[in-house]
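Where a number appears in this text, it was derived from the coordinates with a stated rule and is not lab data. Owing to the predicted nature of the structure, the values given are computational and were not obtained by experimental measurement. Here the Cβ positions follow ideal geometry from the backbone for every residue, glycine too, while neighbour counts run over all protein chains shown.
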Amino acid sequence: GAEEEEGGAGGGGAKLHAIAATQLELLTHALSFPAARVVVYSTCSIHPIENELVVAAALRAPSVRAAGWRLAPALPAWPCRGLPLVEGAEMLLRAGPEVQTNGFFVARFERGEASGGREGRARGGKRRRGAGV
């Protein structure tokens, strides 16, 4: 990971900022596909600049907001959640050396309907049965 090149988990350094900028560009591009309904952003990093801060910047992007993207829970049973650097951090997941990994991060984005309601159809155009989840 970039931590060796940037001196630890502090999250600074020009190379780390450049990587995060590329990650934001890739994420916002993935969120631009009209047919996409779910996008998962994942890194093998413990750096907030590559994780929560990329997610926060993506959620602020006008095109992402206009398309109705929002955070959704990623692996709700996972105990290690995102850092409180973005609204909805409890929906993010992360891990580091405390769980014997080099580090990883996951954010799940879901797109709502343009009208603001949840999508009422499952894959294949069939209506979902029942209310709820």
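Structure notes:
- Peptides 92-105, 67-80, 25-38 ordered by average Cβ neighbours within 10 Å, highest first: 92-105, 67-80, 25-38
- Net length gained if the chain between R65 and E98 were fully extended (0.36 nm per residue, minus Cα distance): 8.4 nm
- Our coupling estimate for the stretch 26-39, obtained by passing each phi through the Karplus curve with A = 6.51, B = -1.76, C = 1.60 and θ = phi - 60°, is 5, 5, 5, 5, 4, 6, 8, 6, x, 7, 5, 10, 9, 10 Hz, Gly and Pro reported as x.
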